[in-house]
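Chemist: Please read through the structure below; I'll follow up with questions.
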Amino acid sequence: MRKMRSIALGVALVAGTFTASSVMAATTLKNVKQKGHLQCGVTTGLPGFSQPDEKGNWTGIDVDTCRAVAAAIFGDAGAVEFTPLTAKERFTALQSGEIDMLSRNTTWTLTRDASLGLNFAGVNYYDGQGFLINKGIGVDDATQLDGATICIQAGTTTELNLSDYFRAKGMKFKPIVFDTSEQTVQGFAAGRCDVLTSDRSQLAALRSKLSDPNSAKILPNTISKEPLGPVVRQGDDQWFNIVKWVLFTQINAEELGVTSANADDMLKSDNPGIQRLLGTDGDMGAKLGLPADFGHKVVKLVGNYGEMYDRNVGPDTPLALDRGINALWTEGGIMYAPPVR
Amino acid sequence: MTEPTMKAPRKAVRPVKWMRENLFSGWFNTVLTLGVAYLLVTSVGPLLNWFFLDANFVGSDPSACTGAGACWVFINQRLNFFIYGFYPDELQWRVNVMFLLLAVAFVPQFIERFPGRKWLGIFGIFGLPVVGYFLIPGGSFGLEAVESSKWGGLMLTLVLAYIGIIASLPIGILLALGRRSEMPIIRGISVVFIEVWRAVPLITVLFMASVMLPLFLPEGVNIEKLARALIGITLWQSAYMAEVVRGGLQAIPRGQYEAASALGLGYWRRMGLVILPQALKMVIPGIVNTFIALFKDTTLVLIIGLLDVLGTVQSTVSDPTWQNVATEGYVFVAFCFWVFCFGISRYSQKLERKLDTGHKT
Amino acid sequence: MKQQRIDAGPAGPVPWYDPRVRSLFFQAIAIALVFWGGWVLVDNTLSNMESRGISTGFGFLNKTAGFGIIMNLVPYDATMSYGRTFWVGLTNTLLVSAMGVVTATILGFIIGVARLSSNWLVARMALVYIEVIRNIPLLLQIFFWYFAVLRNLPSPRQSLDVGGILFLNNRGLYLPGPMPQEGFGIVWGGILLAIAAVVGIRIRARKRQLATGQIFPAFRVGLAILVFVPVVSFLVAGRPLEWDLPVLRGFNFGGGITIIPELAALWIALSLYTASFIAEIVRSGILSVSKGQTEASRALGLPNGLTLRLVVIPQAMRVIIPPLTSQYLNLVKNSSLATAIGYPDLVAVFMGTTLNQTGQAVEVVAITMAVYLTISLLISLFMNIYNRAVAIKER
């Protein structure tokens, strides 16, 4: 019904019956509560990050980031609807308010922060750009790629990084730009290009999509920094803080050893850090405009950062990615969240 | 061009004679015939093998595809996805009901003497959208709501084409009337609207709908993606529709306009009661043809990330469990579209011949 | 409607029954609505862009693009501006459209004539071709030619090799590129001379035919001149042409001319698809010429070829040109499907990557649409001029 009504509304609007007096946007949090669910922008399908199964159920680390926010607001990790977006549409969809937050393995850059009207609410995966290459070609290092034909996905920072890298090294390349990651793999599999470039996390997933994964390998070079994270609109600091601190809550939970399995027991913990995190002490929730026990709900329903990682991209998944720099700072990585205080 | 001087008196044509006349008249035709026949013989065999003889039809996973030919098992296994997209299994009956109603409303149109087919057609144009409005998205009458991001496959293709054509018809009629109006400003506005939309590719329209439309709307008003695509398609299509309807309006003899005026009818009654009924009847074949064009063009929505039937196939052919099934997938989609389009175009040709008697003197 | 004036009476006492007043009133309302709608759109857009902090203006066109494009007809590299990416995309669009128009026209005419052939088999095959191709979505055909066919082509190292000159592999078709050497100007001169001579002969022949009725074999003589003069000048100049043969270097072939698979797939699909429509147009055009015309021409003693050339085709062209124009327009618009397979046309490069990197959707989409509008208007204009030239001149 709602959809159809919006169709009718849209047609009416275009037909010329505009109401010039725009409804002043209430705060995002209020809107979300009123709708009863969170609208979250994700990819059209990227294993490990946001991927629908045949029934349209979404899984992935980006999807879990959205679910955590829903859990914090509603106490229900299911109160979220996903809008699949192409790389081209993602920022407009967020700017226009079609979605409440964007969690679509989006790289944090200065331009996006400053001139697109967006705010990055943190990093849920530290990535870098790499190369996937056919073993038969006999190249072991990216510096040997002079003259190569390279498949890339359109509308990403990878396009720019690639150009920069080859220019800096004084090498030439031929870019083949596809619209979706599926077409990019198809092009690589069909032999259209020698090399496929993307974020390293993706290369693992894309490699697993090849009919013979052993025929290709990932080169050791990482040519860029790709901090991926959730994004919100500028101008609503409360909402910005909520998304930011839900993610920090998950990271802090891992650091404090709180998991979805022991979240209930931890309510009795006398560690003041855990008490503040789970809302048994202090008024952290109220400060954000969230229920007092939002931290407990997030960890209980979605899990801490480590769980989220292991479930979607960790060593036991088809992507089989080591924690690497995504490990906690206490374990040699750079995942570090400000304290809940 | 070697017409025999005397026609054979018997009606039955002997095959040898027929062949001499139609296949081997003159050296040029003989060479042509032999060349084409050679190509046919060499290509039909392997194609038949690939399609049927060496192909695998039954099975449940890729290992069933042992033959050298097509792997139809793949289509078989994913058929549900290709038809319904992510529409929940237990609710698919609602889509099936719509398919059935569509068939009930429109298939009789092909049968000349089907009783009441006119009323079925009218139901198909005016009643069915209402039924679909409640049935497919759900959310009322105790029907569970299915959000449009779960729609997909053939069903989405039909939704886009059907709504696109139905919604563009009234706008197209208004534009056509505007273009033939005596008022220069109304005419100017209509001409600009029609020509601009007709000049731009559908892809740019879809991009605009998906990326820019949200910027045009007042803050707080949101239209979801499918609806935005539909708005784009409808506006674009209505420009084409306007040109079709204009063709009909122009074909109505001047006497009809004058006679209607002489009766003292005002503009709207003159158009609504006299001119449009005749004009629209004349352009039914044209409308059907634009529908075919639109039907094929709906595949473009996959570029803005909607999963129409081609989109669902495109997204599964890269599935690593199935190896190299791209051709099978494309053949399947091609077949779906071909059956629809060819059938409808035959219908429109028949109609054209039937209506051809009208106003030509 | 002018007739309305009658029912209003000579001097209608009430002004709102006067059709002129009404018409002015409605037009004023229409203008007001359009302006108001436009104003609301612009206002909404501007306020939305401001409140969302989106940058506006066309300044981005001068900024460095920083991404690579596989195929460029105008010089381009990543250090050039976004404005330059526009020209790269535009020229690529024009290239594939022009190639498509030429091949689709040739193919369409052949198939259209074949459809009317007295040879049953040929006519049937043409019918099958038309009915199959035009009822399958173009995008699907592009995918087929790109993904399904490409997959079955060999890799560069196992290229299909035609005499060491032509190479076909999944990176494209490699042709030898002509490299004019010093003195090639003489050949150009020869070609120009030949063309001028042919034009002159045609004019003379026509004049003579009109004056004396004698027919001069202008076509055959012209053809001979066209072949003979350039060849002689080529030999005289000492064969000033070398070929740049494609050679396998590193990953790929280098040298020569490359037709990338994206271009080839798009070109083939556009040509085949549009040809099926053109064939039907040609067929109905030829059928529209009444049999009496052919018979009259024969009665005048014109041979078959001349009947076709001087009587049937000129008349058929009048019927063919308007729908042919719209097919050309469709082809140009359809070339925007390039974005689905990564051919760097205007939509893929400018409305794709450039839009993404700059985020300035409104400006980029507006420019792109304006370009297509211009192309459409230009094609319509040229075809209208041509149509006027071949139209029946009523005196």
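The values are calculated or read from the model by the stated rules, or taken from the named source; none is laboratory data. Model, not experiment: these values are computed from the prediction. Quick reminder, even Gly has a Cβ in these numbers, built from the backbone with ideal geometry, and neighbours come from all protein chains shown.
Chemist: Let me confirm something: among C:PHE86, C:PHE67, which residue is touching a residue at least 12 places away in the same chain (Cβ under 8 Å), more than 11 Å from chain A (Cβ to nearest Cβ) and among the hydrophobic types (A, V, I, L, M, F, W, C)?
Modeler: C:PHE86
Chemist: Does B:SER318 satisfy being within 11 Å of chain C (Cβ to nearest Cβ), at pLDDT below 85 and crowded, with 18+ Cβ neighbours inside 10 Å? Spell out how you get there, then give the answer.
Modeler: On the way: within 11 Å of chain C (Cβ to nearest Cβ): yes; at pLDDT below 85: yes; crowded, with 18+ Cβ neighbours inside 10 Å: yes.
Against the criterion (within 11 Å of chain C (Cβ to nearest Cβ), at pLDDT below 85 and crowded, with 18+ Cβ neighbours inside 10 Å), B:SER318 qualifies.
Chemist: Quick test for you: out of B:PHE291, B:PHE335, pick the one residue that is aromatic (Phe, Trp, Tyr) and in contact (Cβ under 8 Å) with a residue 24 or more places away in the chain.
Modeler: B:PHE291
Chemist: Could you identify the single residue in A:ASP146, A:ASP179, A:ASP164 that is at pLDDT 85 or above and farther than 16 Å from C:GLY66 by Cβ?
Modeler: Exactly one of A:ASP146, A:ASP179, A:ASP164 is at pLDDT 85 or above and farther than 16 Å from C:GLY66 by Cβ, namely A:ASP146.
Chemist: Of all residues in region A:214-237 being closer than 20 Å to A:ASN161 by Cβ and hydrophobic (A, V, I, L, M, F, W, C), which is surrounded by the fewest Cβ atoms within 10 Å (Cβ to Cβ)?
Modeler: Restricting to residues being closer than 20 Å to A:ASN161 by Cβ and hydrophobic (A, V, I, L, M, F, W, C), the top hit is A:ILE218.
Chemist: Could you figure out which of (1) in a helix (DSSP H, G or I); (2) out of contact with any Lys or Arg (no Cβ under 8 Å at 6 or more places or on another chain) isn't true of A:VAL123?
Modeler: (1)
Chemist: Quick check on region A:113-133: of everything there that is of a type in the set (A, V, I, L, M, F, W, C) and under 15 Å from the mean Cα position of the chain (by Cα), which residue is nearest to the other protein chains (Cβ to nearest Cβ)?
Modeler: Of everything passing the filter in region A:113-133, A:LEU118 is nearest to the other protein chains (Cβ to nearest Cβ).
Chemist: Among (1) within 24 Å of the chain's Cα centre (by Cα); (2) not assigned by TED's automatic domain parsing to the domain that holds A:GLY60, which single condition is A:LYS217 missing?
Modeler: (1)
Chemist: Right, another one. Go through region C:148-168 residue by residue and tally those that are away from chain A (no Cβ under 13 Å) and surrounded by fewer than 16 Cβ atoms within 10 Å (Cβ to Cβ).
Modeler: 6
Chemist: Right, another one. Can you give me the ranges of the helices (runs of 4 or more DSSP H) entirely in region B:247-353 with at least 1 residues that are in contact with a strand residue (DSSP E or B) (Cβ under 9 Å, 6 or more places away or on another chain)?
Modeler: Fully inside region B:247-353 and qualifying: B:309-316.
Chemist: Restricting attention to region B:132-178, which residues are within 21 Å of B:PHE106 (Cβ to Cβ) and of a type in the set (Ser, Thr, Tyr)?
Modeler: B:TYR133, B:THR157, B:TYR162, B:SER168 - these are the residues of region B:132-178 that are within 21 Å of B:PHE106 (Cβ to Cβ) and of a type in the set (Ser, Thr, Tyr).
Chemist: Still on this structure, I have one more. Out of the strands (runs of 3 or more DSSP E) lying entirely within region C:215-257, which hold 2 or more residues that are away from every other protein chain (no Cβ under 14 Å), in contact (Cβ under 8 Å) with a residue 12 or more places away in the chain and of a type outside the set (A, V, I, L, M, F, W, C)?
Modeler: Correct list: C:241-244.
Chemist: Does C:GLY185 satisfy the criteria of being part of a helix (DSSP H, G or I) and more than 28 Å from the chain's Cα centre (by Cα)?
Modeler: Here the answer is yes, as C:GLY185 does meet what is asked.
Chemist: Oh, and also: With (1) without any contact (Cβ under 8 Å) to a residue 60 or more places away in the chain; (2) within 24 Å of the chain's Cα centre (by Cα); (3) in a helix (DSSP H, G or I) as the list, and A:LEU162 as the residue in question, which single condition is left unmet?
Modeler: The single condition A:LEU162 does not satisfy is (1).
Chemist: Determine, yes or no, whether B:PHE106 is within 30 Å of B:ARG346 (Cβ to Cβ), touching a Gly at 6+ places or on another chain (Cβ under 8 Å) and modelled with pLDDT of 85 or more.
Modeler: No: the conditions fail for B:PHE106.
Chemist: Name the residue, out of B:ASP54, B:ASP61, B:ASP89, that is under 30 Å from B:VAL331 (Cβ atoms), among the charged types (D, E, K, R) and within 30 Å of the chain's Cα centre (by Cα).
Modeler: Exactly one residue qualifies, and that residue is B:ASP89.
Chemist: Anything in region A:176-193 that is facing chain C (nearest Cβ under 7 Å) and among the aliphatic types (A, V, I, L, M)? List them, or say none.
Modeler: Across region A:176-193, the qualifying residues are A:ILE176, A:VAL177, A:ALA190.
Chemist: Restricting region A:91-111 to residues that are surrounded by fewer than 24 Cβ atoms within 10 Å (Cβ to Cβ) and modelled with pLDDT of 85 or more, which is nearest to the other protein chains (Cβ to nearest Cβ)?
Modeler: It comes out as A:THR109.
Chemist: Filter region C:169-200 down to residues that are closer than 20 Å to C:ILE70 by Cα and crowded, with 17+ Cβ neighbours inside 10 Å and give me whichever is farthest from the other protein chains (Cβ to nearest Cβ). Let's see the steps before the verdict.
Modeler: First pass over region C:169-200, keeping only residues closer than 20 Å to C:ILE70 by Cα: C:169-177.
Subset that is crowded, with 17+ Cβ neighbours inside 10 Å: C:169-176.
Details: C:ASN169: 8, C:ASN170: 4, C:ARG171: 6, C:GLY172: 9, C:LEU173: 14, C:TYR174: 13, C:LEU175: 17, C:PRO176: 20 Å.
The extreme case among them is C:PRO176.
Chemist: Considering each of C:THR339, C:THR374 in turn, give the residue that is surrounded by 14 or more Cβ atoms within 10 Å (Cβ to Cβ) and part of a helix (DSSP H, G or I).
Modeler: Result: C:THR339 is the single residue among C:THR339, C:THR374 that is surrounded by 14 or more Cβ atoms within 10 Å (Cβ to Cβ) and part of a helix (DSSP H, G or I).
Chemist: Based on this model, can you work out whether C:THR103 counts as in contact with a helix residue (DSSP H, G or I) (Cβ under 8 Å, 6 or more places away or on another chain) and either of a type in the set (Val, Ile, Thr) or in a helix (DSSP H, G or I) (or both)?
Modeler: Details: in contact with a helix residue (DSSP H, G or I) (Cβ under 8 Å, 6 or more places away or on another chain): yes; either of a type in the set (Val, Ile, Thr) or in a helix (DSSP H, G or I) (or both): yes.
Yes.
Chemist: Go through the residues of region A:60-79 one by one and say whether even a single one is surrounded by fewer than 22 Cβ atoms within 10 Å (Cβ to Cβ), in contact (Cβ under 8 Å) with a residue 24 or more places away in the chain, assigned by TED's automatic domain parsing to the domain that holds A:LEU118 and over 19 Å from A:PHE294 (Cα atoms).
Modeler: no
Chemist: So, one more: So which of A:ARG276, A:ARG341, A:ARG323, A:ARG233 ends up being of a type in the set (D, E, K, R) and not assigned by TED's automatic domain parsing to the domain that holds A:VAL80?
Modeler: Checking each option against the conditions leaves just A:ARG341.
Chemist: Let me ask something else. Got a sec? Which of B:SER149, B:SER140 is in contact with a strand residue (DSSP E or B) (Cβ under 8 Å, 6 or more places away or on another chain), over 24 Å from B:ALA239 (Cβ atoms) and either at pLDDT below 85 or within 11 Å of another protein chain (Cβ to nearest Cβ) (or both)?
Modeler: B:SER149
Chemist: Is it the case, given these coordinates, that C:ALA264 is within 26 Å of C:LEU346 (Cα to Cα) and within 13 Å of chain A (Cβ to nearest Cβ)?
Modeler: Answer is yes for this residue.
Chemist: Kindly provide the set of residues from region A:203-217 that are of a type in the set (A, V, I, L, M, F, W, C), over 13 Å from A:ALA320 (Cα atoms) and more than 9 Å from every other protein chain (Cβ to nearest Cβ), ordered by number.
Modeler: The one that is of a type in the set (A, V, I, L, M, F, W, C), over 13 Å from A:ALA320 (Cα atoms) and more than 9 Å from every other protein chain (Cβ to nearest Cβ): A:ALA216.
Chemist: Can you work out which of the residues in region A:146-175 that are at positive phi and out of contact with any helix residue (DSSP H, G or I) (no Cβ under 9 Å at 6 or more places or on another chain) is nearest to the other protein chains (Cβ to nearest Cβ)?
Modeler: A:GLY147
Chemist: Still on this structure: On the basis of being buried (at least 19 other Cβ atoms within 10 Å of the Cβ) and under 27 Å from B:GLN92 (Cβ atoms), does A:THR43 make the cut?
Modeler: For A:THR43, the condition - buried (at least 19 other Cβ atoms within 10 Å of the Cβ) and under 27 Å from B:GLN92 (Cβ atoms) - is met.
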